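The values are calculated or read from the model by the stated rules, or taken from the named source; none is laboratory data. Predicted, not measured: the structure shown is a model, and the values here were computed from it. Positions of Cβ are backbone-derived with ideal geometry, glycine not excepted, and every protein chain shown enters the neighbour counts. To get the accessible areas, we keep the full protein, side chains included, count just its heavy atoms, and leave off ligands, DNA and RNA. Shrake-Rupley method; radii C 1.70, N 1.55, O 1.52, S 1.80 Å.
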Amino acid sequence: MDFLNNIEAASSSSTRRWNYDVFLSFRGEDTREGFTSHLYTALCHKGIFTFVDDNLRRGEEISEELIQAIKKSSILVIVFSENYAESKWCLDELVEIVKCREEDQEVQIRPVFYNVDPSEIRNQKGNFGRALANHEMKFKNDKDKVQRWKDALRKAANVSGWLYKKGCTTYKSESHFIQNIVEEISNLRLNWTPIYVAKYPVGINSRAKAVESLLDIGLDEFCVVGIHGLPGVGKTTIAKAIYNKIARHFDGSSFLMNVRENLRTDAGIITLQEQLLNDILGDGNWRVGNKFKGISLIEKMLCCKKVFLILDDVDDSTRIENLLGKCNWFAPGSRAIITLRDRHLLTTLKGNVCTTYKVKEFKVEQLNKHEALQLFKEHAFPGNKPLDEDYSKLATKFIHFAKGLPLALEIIARDLCGKAKDEWESALDMYKKIPNKDIQKMLRVSYDGLSDTEKDIFLDIACFFKGWYKDYVVKILNACELYPRFGIPRLVDKCLITVDRYGRLSMHDLIQQMGREVVRQQAPDILEKRSRLYCYKDSLEVLTRNKGSKKIRGIMLQSPQPVEVQLHTEAFKRMENLKFLIVENVHICEPLEFLPNNLILLKWPDYPFHWPSKYFPEQLVAVEMPRNCIRLPKLINQEYRLENLKDVNLERCEFITKLPKLWAPNLENLDLSFCKNLVKIDECFGSLEKLKRWNLAHCRKLQFLPSQLRLKSLKYFCLTSCSGLENLPNFHSEMGCLEILYLGESGIRELPSSIEHLTKLETLSLDKCENLRDLPDSIYKLQRLRILDTTTTKLRPTCNSIDISSGYGFVQMKPLDLLMKLDYFPALEMIDLSETNIVTIPESISRLPRLESLLISNCKLLREIQGLPQSIRTVLAENCMLLDSQSPSGLLNQVSLFL
């Protein structure tokens, strides 16, 4: 755990500290006694800390002390006067000023053109041209120096500044001119006074740079970037860091905090409008009266200024319109950042508010392990003190608990700072069981902004469905009339949940803890008054002591280890509104006498008894009861209309002998695998139009399927190891959706010619079908077949003009005679001939243009490979003792050969 001690320290503050507000550069002989002296005095009177170089000793080169003064000043003011360029000292100083600005984007250069024309300096004409010509003569052996002076003059003169000429009507007097400069510098200084970011801004810079790149500062168009992410992940902190870095590049900037709170009332809107005007225009006297006047003033006064605006914590696009109007007034080059908890708001902005501007987004990810360790250490162990191994191990556990959430890391680390090891250990247990109120307060803001149905969806996922497949949960919640197809994306947009690449629902552990705490707070001391019971101890108490009530919506009784308990036989009688019942690793001693008829999800593996006789499962959507003792004929009454039933998992139920007639028109998934005593399936199952997956694998006594399958939606059908099944049903022409058909190790004697109707079939497994002797000619019509696994050797193709142009993908095959008919399968990428009695790989195999792998391991009689295609990459030929790898000569040199 030395890693914790070796993390480099973060900066103790992200707010830039300057020694001087202003650095004054000037030609002493021209302006020291007059203009510059008056300007310096006026700046000082305004409270602007200004540096002048009167007290520094002069030499041939400018001193390091002067260079440091330049670097430590935030505004570099250059007073260009008539004879400025005659001074080598002034020119060297100017080079350092320009260099400082180029190296530090937080510094600003502001030139004063005092009785000189800026074009004279840019084009190096007049006095400036003559002075530079003299320097070229004097420094003819150091032309680079003079070129640096020229470049610096040109760059500085191109910067917007202040122009004064005697007799010009722009200013009443020189005093008026100085007053204008001082006011602008004062406003400029106040406008971009750095905002405090964080004591330890770990991970902020990299994320701020990513947002800066999205802002495209160099482009001359308006752009908005929305920063979104988990509550407490650092959205506002990142926005502050960006503000400090780039605000000074604009004519004006404003950081409006807590927009969500302030925009709830007209008074709050007016306050933010006035702040915006005063931040950017600078005089502090703006009053708008009402929000409509405020919008008009903002559009009128700011439409010609390149502004940088940050709106922190926005939750509604209509509130942005109440603050700023339609946002069509932003000048070219302006930028805006919005921090928000709801990603969907960005879509609304694009469609309704910023219709003519770019709206980009940046999601803030949690801290990685290294960053989390660094932030935790800074708060828990100030002063960079070395840690012993015990503290390091404990720190790692807290970091794992916080899962990269900066807010949680900071709060926990501050709580632990200075505490003994035993207190750390106790705190870890406490945090897991009793949520920290400060963390909860921040996280709950997003929950409080949800609608009632969205809250229910969130709490159901937090209590029961984290880690479950989204599509499965959608079916369940849809039956609860929660409209999850709309609600779940809303929760994703608000960063309360995520859906991983496999389609599973997930959420940050602390978000889940917040949701479960919301439920606990419904009735902290009365379990039966809570809507959901997810804690094993709480659920067990209610079910063993018959404490149920109609308030309970869902129960999860999930023991970490297998346990035997005595539930009250009428434990569920009072739970008339129970929707979800999830029981795992719990073995009950007596059968239940009652189950609520409103159950939508029933998950109870290894349930050892029959269902209660008075239970009517008409509301069920999903049943997961593998390894139970149910006898379906007793369970399923033909009068039941199981219209809601979509998913059934009765895997390994030994008491099921037949699948009786069932009215379940919306059934989508049926798993009866390993039901070793199942013999017969009713005809009604052959016409379930919604059925997508049907698994009958290892039902070894199965003999009778429906005579015809007309399953329009079926994609997956598994009959693997159904050794008692001899006859397959006919496939109706509407079976065009089937993609996977597993028949391996089954007892089937033939494939029906109607297999040609399976036009989307990609996988057909017939491996070790010992009774299967022939394949129908129609198999060659399966043009999308990617995997064909069969040991059948007698093929009699009769059709000579089959369209094979649409074949593609991966095919695994074993039949030897198929090697002579390979033109029918041009998309083969892999052939598996392992453990066959093949003697020769014929030359015809070389006609496969996509073949990459040939598997011929354990072909003990194989002597010769007559040809291979150019596409081949791998030949796996382990334990082929008779194969001569050198024959024909060089044939296998092009591949990776594994013998």
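Considering helices alone, the calculated mean residue ellipticity of the chain at 222 nm is -9500 deg cm²/dmol, with DSSP H runs of length four and up weighted by -39500 (n - 2.57) and normalised per residue.
Suppose the chain between Lys537 and Lys326 were pulled fully straight at 0.36 nm per residue; how much longer would it get relative to their current alpha carbon spacing?
Values: separation 211, 0.36 × 211 = 75.96 nm, distance 5.48 nm.
Full extension of this stretch gives 70.5 nm more.
A probe of 1.4 angstrom, applied to the heavy atoms of all protein chains, finds Tyr196 with accessible area near 120 square angstrom. Going by the alpha-carbon gyration tensor, a ≥ b ≥ c the square roots of its eigenvalues, is the range 616-739 rounded (a/c under 1.5) or, if a/c is not under 1.5, prolate (a/b greater than b/c) versus oblate? Note, shape of the range 616-739 comes out oblate.
In the chain, the portion of solvent-accessible area held by carbon and sulfur atoms comes to 46 percent [1.4 Å probe, whole percent, DNA, RNA and ligands not counted]. Taking a straight line from the alpha carbon of Lys199, these lysines sit under 20 Å away, with near neighbours fewer than eight places off in the same chain left out: Lys209, Lys235, Lys240, Lys245, Lys369, Lys377, Lys385. Could you tally the net charge around Lys150, taking each other residue with its Cβ under 14 Å from the Cβ of Lys150, Lys/Arg +1 and Asp/Glu -1? Surrounding charge for Lys150 is +3.
Probe of 1.4 angstrom, ligands and nucleic acids ignored: what's the accessible area per residue over the chain, in square angstrom?
Values: 41490 Å² over 899 residues.
Per residue, the chain has an accessible area of 46 Å².
Would you please classify the overall shape of the range 46-200 from the alpha carbon gyration tensor, given that a ≥ b ≥ c denote the square roots of the eigenvalues, rounded means a/c under 1.5, and beyond that prolate means a/b larger than b/c while oblate covers the rest? Numbers along the way, then the final one.
Numbers: a/c = 1.96, a/b = 1.22, b/c = 1.61.
Note, shape of the range 46-200 comes out oblate.
In order along the range 295-310, the phi-based Karplus estimate (6.51 cos²θ - 1.76 cosθ + 1.60, θ = phi - 60°) of 3J(HN,Hα) comes to 4, 4, 5, 4, 4, 6, 7, 10, 5, 9, 10, 7, 10, 10, 10, 10 Hz; Gly and Pro are listed as x.
Between their Cα atoms, which of Lys529/Lys658; Lys550/Lys646; Lys466/Lys768 are more than 31 Å away from each other?
Too far apart for the 31 Å limit: Lys529/Lys658; Lys466/Lys768.
Computed over the Cα atoms of the chain, pair by distinct pair, the Kirkwood hydrodynamic radius stands at 34.9 angstrom. How large is log10 I(q)/I(0) at q = 0.20 Å⁻¹ when the Debye formula is applied to the Cα atoms of the range 164-310, each weighted equally and without solvent? The calculated log intensity ratios at q = 0.20 Å⁻¹ are -1.33. Put simply, the amide H of Gln124, placed in the peptide plane, has no neighbours under 5 Å, leaving out anything fewer than 5 places away on its chain. Rounded to 0.05, the FRET efficiency of the His344 and Gln703 pair, given R0 = 56 Å and the Cβ-Cβ distance, is 0.55. With a simple spin-label model that places each label point 7 Å from the Cα along the Cα-to-Cβ direction, the separation between Glu564 and Glu425 comes to 3.5 nm.
Run down the aspartates and glutamates and flag those whose C-alpha is under 13 Å from the C-alpha of Lys661, throwing out any fewer than 8 positions away in its chain. Qualifying aspartates and glutamates at Cα under 13 Å: Glu639, Asp682, Glu683.
For the range 23-134, what does the alpha-carbon gyration tensor say about shape, rounded, prolate or oblate, given a ≥ b ≥ c as the root eigenvalues, a/c under 1.5 as rounded, and a/b over b/c as prolate? Mind dumping the intermediate values first?
Details: a/c = 1.44, a/b = 1.27, b/c = 1.14.
Rounded is the answer for the range 23-134, as its axis ratio a/c remains below 1.5.
What the phi angles of the range 442-458 give under the Karplus curve with 6.51, -1.76 and 1.60, with θ = phi - 60°, is a coupling list of 5, 5, 6, 4, 5, 5, 4, x, 7, 6, 4, 5, 5, 4, 4, 4, 4 Hz, glycine and proline written as x. Modelled label positions at His249 and Asp525, each set 7 Å beyond Cα in the direction of Cβ, lie 6.0 nm from each other.
Computed with every protein chain present, the accessible area of Arg710 is close to 100 Å² [probe 1.4 Å]. Couplings 3J(HN,Hα) of the range 90-101, computed from phi: 4, 5, 5, 4, 5, 4, 5, 5, 5, 4, 4, 5 Hz, in residue order, whole Hz [Karplus 6.51 cos²θ - 1.76 cosθ + 1.60, θ = phi - 60°; x for Gly and Pro].
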